[in-house]
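One structure is given below, encoded as structure tokens.
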């Protein structure tokens, strides 16, 4: 019998967090920090790694004493995390996400979270959203999505090309292609990129039809 193993992205797939994250960054700093919105937006455009990298980029641009860097970054990383978690709870999941995950889990499919979000933050988010029981593993940064596909393959003792990766970005598609996984693209308000050779869905509830 064929095994169904799903690697599922978090942002833009399970939660509509891309816009939430943008809002969280723009409201993170108090006025006394005197950080221009344009600086934040420019840093978000240039740096697409973790919140620590983004904060480090903002700090460097402010040209402040390096002695204060680590404490400053740690403080605002924690503030950002709490603000983001609260917003995720208030705004909830993408339409059909919980229903789709529960249906796949009830059918015995192996579900793994595979995200560019820091892994500790992912665990916190999934716990708060009451989804932890649906996943066999939660994998995030600092590992890449490609590395996480290898981790999933190792956990399931299968070749990576038997995994189905579900995501909404070009990075998801590229990771799936490099690992020769089947890829399913999630269409949402934030992505406008096009591709060929793979199926598309608008909600996780559609996965069981494919």
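Can you report the number of residues in the stretch 160-184 which are in a loop (DSSP other than H, G, I, E, B) and buried (at least 17 other Cβ atoms within 10 Å of the Cβ)? Give the steps one after another, and end with the answer.
Quick first cut of the stretch 160-184, residues in a loop (DSSP other than H, G, I, E, B) only: 168-169, 179-181.
Checking the rest, the ones that are also buried (at least 17 other Cβ atoms within 10 Å of the Cβ) come to 168-169, 179, 181.
Going through the stretch 160-184 one residue at a time, the tally reaches 4.
Go through (1) surrounded by fewer than 16 Cβ atoms within 10 Å (Cβ to Cβ); (2) within 20 Å of residue 7 (Cβ to Cβ); (3) touching a residue at least 40 places away in the same chain (Cβ under 8 Å) and name the single condition residue 91 misses.
Among (1) surrounded by fewer than 16 Cβ atoms within 10 Å (Cβ to Cβ); (2) within 20 Å of residue 7 (Cβ to Cβ); (3) touching a residue at least 40 places away in the same chain (Cβ under 8 Å), the lone unmet condition for residue 91 is (2).
For residue 55, all conditions in the list (1) within 21 Å of the chain's Cα centre (by Cα); (2) not in a helix (DSSP H, G or I) hold save one; what is the number of the exception?
(2)
Return yes or no: is residue 64 assigned to a loop (DSSP other than H, G, I, E, B) and free of Cβ contacts under 8 Å to residues at least 24 places away in the same chain?
Details: assigned to a loop (DSSP other than H, G, I, E, B): yes; free of Cβ contacts under 8 Å to residues at least 24 places away in the same chain: yes.
It is true that residue 64 is assigned to a loop (DSSP other than H, G, I, E, B) and free of Cβ contacts under 8 Å to residues at least 24 places away in the same chain.
Take the residues of the stretch 73-88 that are more than 18 Å from the chain's Cα centre (by Cα) and crowded, with 18+ Cβ neighbours inside 10 Å: which is nearest to residue 20 (Cα to Cα)?
Across the stretch 73-88, the extreme among qualifying residues is 76.
Got a number for residues in the stretch 121-152 being in a strand (DSSP E or B) and either crowded, with 17+ Cβ neighbours inside 10 Å or not assigned by TED's automatic domain parsing to the domain that holds residue 183 (or both)?
Here the count works out to 4.
Residue check, residue 3 against (1) touching a residue at least 24 places away in the same chain (Cβ under 8 Å); (2) surrounded by 14 or more Cβ atoms within 10 Å (Cβ to Cβ), all met but one. Which one?
(2)
Which residue pairs have Cβ atoms closer than 7 Å, lie 6 or more positions apart in sequence or on different chains, and pair a first residue in the stretch 35-53 that is within 17 Å of residue 20 (Cα to Cα) and in the same structural domain as residue 24 (by TED's automatic domain parsing) with a second residue that is surrounded by fewer than 13 Cβ atoms within 10 Å (Cβ to Cβ) and modelled with pLDDT under 90?
Once the first residue is within 17 Å of residue 20 (Cα to Cα) and in the same structural domain as residue 24 (by TED's automatic domain parsing) and sits in the stretch 35-53, no partner that is surrounded by fewer than 13 Cβ atoms within 10 Å (Cβ to Cβ) and modelled with pLDDT under 90 comes close enough.
Being over 21 Å from residue 183 (Cβ atoms), modelled with pLDDT of 90 or more and in a helix (DSSP H, G or I) is the filter here, so list the residues in the stretch 82-104 that pass it.
Result: 82, 83, 98, 99, 102.
Quick test of your reading of the structure: residue 117 fulfils all but one of (1) over 19 Å from residue 4 (Cα atoms); (2) assigned to a helix (DSSP H, G or I); (3) in contact (Cβ under 8 Å) with a residue 60 or more places away in the chain. Name the failing condition by number.
(2)
The values are calculated or read from the model by the stated rules, or taken from the named source; none is laboratory data. Values in this document were obtained by computation on a predicted structure and should not be read as measured data. Cβ: placed from backbone, ideal geometry, glycine included. Neighbour counts: every protein chain shown.
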